[in-house]
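Have a look at the structure below before the remarks.
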Amino acid sequence: MAAGDPAALAALEAAGPPPLLTDGEERDRKAEHIRLALDPRMQLGGHSYFDDYRFEHEALPEIDLDEIDTSVEFLGRRLAAPLLISSMTGGTEMAGRINRHLAEGAQATGVAVGVGSQRKALEDPAKADTFRVREVAPEAVLLANLGAVQLNYGMGVRECRQAVEMIGADALILHLNPLQEAIQPEGQCNFSGLLPKIGEVVREVGVPVVVKEIGCGISEATARALAAQGVRIVDTAGVGGTSWARIEAERARDLEIGELFAGWGLPTPESIRQVRRVEGLTVIASGGVRNGLDAAKAIALGADLVGLAYPFLAPALESAERVADKVRRTVRELKICMFCLGVKTIAELQRVKLVKGL
């Protein structure tokens, strides 16, 4: 398990203890998720899969650090850096504050941001304001979010459009989370026949669709099946960061099953390599990306964009400025890496070779 992250531990203490619930009370799943996600025990920790790869240092880079350009195109817009503040939460007062701080931080730094699953807001419109962040991020690239499995539980193209319209989003994420649903006390596990329904959403929703995992990775075979349905953006969300198996097992009071499946799936570097083999896809790499060096490695492995969630959660409990500071820090780390490789652009970084196993 992960060693204690001081910022995460402080945020965990500030969040307070989880509510004491009786069997007859409705559990606030999202509030529990926030608190548990802050707990360092829910991170895989220890060895990072990105540590298996190293760059060959360029002692004579022959470039000026100040000339490095980290900007990229995404969804027809220009981002200041290839970073996505990945989807985390929504549906509670605390989640609303987190989302506003994340969005405002993204606006200030020119990166993209996603909200958590909006299912709760579709079921209870009173929760919608916890996702509405466009007012504080008028120019940010903003992604809406629903669980793909909801397409088997009464939601369809209409609800997907509502999620997009609710927040004025530029794209819609459909997340895949079979392991989480299988362990979750309230899990919805009918994933049969989802592929054509995802294809229908891609064709009808009116904005680009991103399909992502939430921590178990996406294989080449799955990416090809999604591409055949018209999906053009895939987010790996591989093994290496937050373990939703541990989180849901903690909620289900079955720690043994959480440990059994804590590392289930494809490590993020391998998922990047597999998804990259599918032509025509924009690849977002997420899952255990913790800093700008990890981000640089993900890009060199084949990613077009890099998503981070956990590193922004504790800052988002404080302020938008803390979020912006974390973005700037990550971009600085990325630029230092590029400088020591002698590359000026993200396109050049994508052509750099990584060495494995040193």
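Quick note: the coordinates plus some simple rules give every number you see, no bench work behind them. These figures come from a predicted structure and were not determined experimentally. For neighbour counting, all protein chains shown are included, and Cβ atoms are generated from backbone atoms with ideal geometry for every residue, glycine included.
PRE reach from I63 (point 7 Å along Cα→Cβ): which of segment 323-348 fall under 18 Å by backbone N? So the set is 330-348. Against the longest principal axis of the chain, how steep is helix 6-15, in degrees 0 to 90 to the nearest 10, with axes from Cα atoms? Roughly 20 degrees between the two axes. With R₀ fixed at 41 Å, the C-beta to C-beta distance from E279 to E135 puts the FRET efficiency at about 0.60. Please determine, in degrees from 0 to 90 and to the nearest 10, the orientation of helix 320-339 with respect to the longest principal axis defined by the Cα atoms of the chain, where the helix direction is its Cα long axis. Approximately 30 degrees, to the nearest 10.
Three semi-axes describe the equivalent ellipsoid of segment 61-158; taken as square roots of 5 times the Cα gyration tensor eigenvalues and ordered largest first, they are 31, 15, 10 Å. Rounded to the nearest whole Hz, the Karplus-based 3J(HN,Hα) values (6.51 cos²θ - 1.76 cosθ + 1.60, θ = phi - 60°) of segment 228-235 follow the sequence 5, 8, x, 5, 10, 9, 10, 10, with x at glycine and proline. Any idea what angle helix 93-109 forms with the longest principal axis of the chain, computed on alpha-carbon atoms, 0 to 90 degrees, nearest 10? Between helix and principal axis, roughly 20 degrees. Ordered by the number of other Cβ atoms lying within 10 Å of each residue's own Cβ, fewest first, W244, W264 fall into the sequence W264, W244. With 19 Å as the limit on Cα-Cα distance, the pairs of K30/K120; K212/K335; K212/K353 that go past it are K212/K335; K212/K353.
Looking at the chain, the DSSP beta bridges with both ends there are about 20 percent antiparallel.
Across segment 193-209, rounded Karplus estimates of 3J(HN,Hα) from the backbone phi angles (6.51 cos²θ - 1.76 cosθ + 1.60, θ = phi - 60°) give x, 6, 4, x, 5, 4, x, 5, 4, 4, 6, 10, 6, x, 9, x, 10 Hz, Gly and Pro being marked x. Annotation: segment 214-358 has a Kirkwood hydrodynamic radius of 16.3 angstrom, from the mean reciprocal C-alpha pair distance. As a calculated quantity, the FRET efficiency between D325 and R224 at R0 = 41 Å, using C-beta atoms, amounts to about 0.55. Distance between the modelled labels on E318 and A182, one decimal in nanometres: 3.9 nm (7 Å Cα→Cβ projection). Arranged from fewest to most other beta-carbon atoms within 10 Å of their beta carbon, V283, V323 become V283, V323. Applied to segment 167-172, the Karplus parametrisation 6.51 cos²θ - 1.76 cosθ + 1.60 on θ = phi - 60° returns per-residue 3J(HN,Hα) values of 10, x, 7, 8, 7, 10 Hz, with x for Gly and Pro.
Distant-in-sequence amide contacts of G307, defined by a placed amide H-H separation under 5 Å and a gap of 5 or more residues or a different chain, comprise L84, A285, S286. By its C-alpha gyration tensor, with a ≥ b ≥ c as the square roots of the eigenvalues, how is segment 163-258 shaped: rounded for a/c under 1.5, else prolate for a/b larger than b/c, else oblate? Prolate is the answer for segment 163-258, as a/c is 1.5 or above and a/b outweighs b/c. This ranking places E248, E67, E73 by how few other beta-carbon atoms lie within 10 Å of each, fewest first, which gives E67, E73, E248. Close amide H partners of F74, meaning residues 5 or more places away or on another chain with modelled amide H under 5 Å apart, are L79.
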